[in-house]
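The structure appears below as structure tokens.
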Amino acid sequence: MDLMGLKGKKILITAGPTWVPIDTVRVISNIATGLTGILLAERLLRLGAKITLLLGPVETCCLNKKIKLLRFRFFDELKDKVIQELKYKKYNIVIHSAAVSDYKPSRVYSGKIKSGIKNFRLNLVPTEKIIGLLKRIDNSIILVGFKFEPNAAKELLTKKARDLICCSGSDLVVANTINQNRYMAYIVNQNRMYGPIWDRKNLAEKLIEVITN
């Protein structure tokens with residue numbers, strides 16, 4: 001698939017943080033901005049693709065109105081919407097860049113937990129790996145996963161990327177890190193590695209190049 005081959009292709013992108021509830025008013029979240037997914041959505045739209053962007057609880061400014069925007073906040077909302085999109089619509093490519101919660105409280109409290117409790121503890125349990133569901137729903141998609149490891153060196157990023165390829169069936173994985181306040185990423189498949197890439201804009205350009213070659 002060359003760049004011209006992207007014209008008319010249907011691409012689903014997930015981006016941004018996910019919440020898991022503690023009680024009726026409190027959540028556990030992360031600091032993801034959704035910027036990489038938004039950059040990819042805008043760039044792929046300019047190349048003629050049809051974009052659906054599943055975006056978590058972050059602000060958007062001046063997002064192109066031709067991008068179909070579906071919002072989510074909570075883990076279960078993201079999971080349900082991804083499944084619905086893949087079951088009932090035909091996508092060529094899925095780019096799963098959302099920062100999905102790895103853990104959730106084993107119990108969600110009704111109402112608001114009162115303040116002032118000493119030594120209050122939350123018991124956390126793993127969430128389901130959404131990326132592991134995607135190829136089982138539609139094995140024909142090109143699947144791009146993301147793996148973030150803070151302060152990681154190249155060797156660890158490569159290992160984590162290949163582990164994710166093995167367990168999820170991803171065709172490509174972006175392994176990225178923030179090290180001493182500097183962004184760094186590699187794009188990894190079964191046979192090759194591309195990088196290092198030093199900012200999100202260049203990552204978006206390189207990822208599209210790798211997908212289309």
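The numbers here are math on the coordinates, done by the rules we state, and not lab data. Since this is a predicted model, take the numbers as computed values, not measurements. Virtual Cβ from ideal backbone geometry, glycine too; neighbours counted across all protein chains shown.
Return the FRET efficiency for the residue pair Leu47, Ser110: r is the Cβ-Cβ distance, R0 is 41 Å, and the value is rounded to the nearest 0.05. Once the sixth-power term is evaluated, E becomes 0.30. Taking the centroid of alpha carbons for each part, the range 188-207 and the range 1-69 are 18 Å apart.
Normalised size of the range 1-117, defined as Cα radius of gyration per 2.2 N^0.38 Å with N residues, equals 1.23. One chain, two ends: Lys159 and Lys7. Fully extended at 0.36 nm per residue, the span grows by 51.4 nm beyond their Cα-Cα distance. Residues considered: Asn181, Asn119, Asn202. Largest GNM mean-square fluctuation over the chain, using C-alpha springs under 10 Å, is found at Asn119.
Near Glu205: Cβ cut-off under 13 Å, other residues only, Lys/Arg at +1 and Asp/Glu at -1. The net charge is +2. When the alpha-carbon atoms of the range 60-107 are used, the pair Rg, Dmax equals 13.2, 40 angstrom.
Between the DSSP loop rule and a limit of at most 15 other Cβ atoms within 10 Å, which GluC sites (Glu not before Pro) in the range 45-87 are left?
Working: sites: Glu59, Glu77, Glu85; in loops: Glu59.
For GluC sites (Glu not before Pro) across the range 45-87 that sit outside H, G, I, E and B with at most 15 neighbouring Cβ atoms in 10 Å, the list reads Glu59.
Eigen-decomposition of the gyration tensor built on the alpha-carbon atoms of the range 130-189 gives equivalent ellipsoid semi-axes of 24, 10, 9 angstrom, largest listed first. Pick from Phe74, Phe146, Phe120 the residue whose mean-square fluctuation is largest in a GNM of the chain, springs joining Cα atoms under 10 Å. Evaluated over the chain, the most mobile residue of the options is Phe120. On a per residue basis, the convex hull of the C-alpha atoms belonging to the range 24-72 measures out at 81 Å³.
Tell me, what is the FRET efficiency for Asn119 and Asn181 to the nearest 0.05, using R0 = 45 angstrom and their Cβ-Cβ distance as r? Once rounded, the FRET efficiency stands at 0.85.
For Rg and Dmax of the Cα atoms in Å, the candidate list reads (1) 24.7, 82; (2) 17.7, 61; (3) 18.7, 56; the entry that matches the value derived from this model is (2).
May I ask you to derive the relative contact order of the range 41-167, considering only C-alpha pairs under 8 Å and at least 6 residues apart, and to give it as an integer percent?
21 percent
For an R0 of 22 angstrom, estimate the FRET efficiency from the Cβ-Cβ distance between Asp102 and Glu205 and round to the nearest 0.05. Each step should come with its number before you reach the end.
Numbers: r = 29 Å, r/R0 = 1.32.
That pair, Asp102 with Glu205, gives E of 0.15.
In terms of Cα atoms, the Rg and Dmax of the range 69-134 work out to 16.0, 51 Å.
For the options Ile141, Ile131, Ile113, a Gaussian network treatment of the chain with springs between C-alpha atoms closer than 10 Å singles out Ile113 as fluctuating the most.
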